[in-house]
């Protein structure tokens, strides 16, 4: 999709690919940054991912978007100390194994530069 301008701001659509997680990923088909993050978590921490996926699957009256529920459940369970603002900006990048998986997921889209700017590198 070509870029467009809205209110003087150039908007570009950046396709993302979470990659294959085998039987680990219990995520929606729509590719987005949350899916890339959840897939990186699943590949890096498969036991943790399975626990979150089972809890989300078994909870009564689930609501909301599955990728958001997965992502925020991961944050609340393992990266809560810094709060929401800290989670995607710094916390997941400090987990060195997950950082490598995230970079792999972001590389094809050219978002590695965005990642570096988000972290203030």
* Structure fact -> For 58, 95, ascending order of other Cβ atoms within 10 Å (fewest first) is 58, 95
* Asked: What is the extension gain from residue 56 to residue 6, computed as 0.36 nm multiplied by their sequence separation minus the C-alpha to C-alpha distance, in nm to one decimal?
  -> 14.3 nm
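Values in this text are rule-based calculations from the coordinates and carry no lab data. Remember, predicted model here, so these are calculated numbers, not experimental data. All Cβ positions, glycine included, derive from the backbone under ideal geometry; neighbour counts span all protein chains shown.
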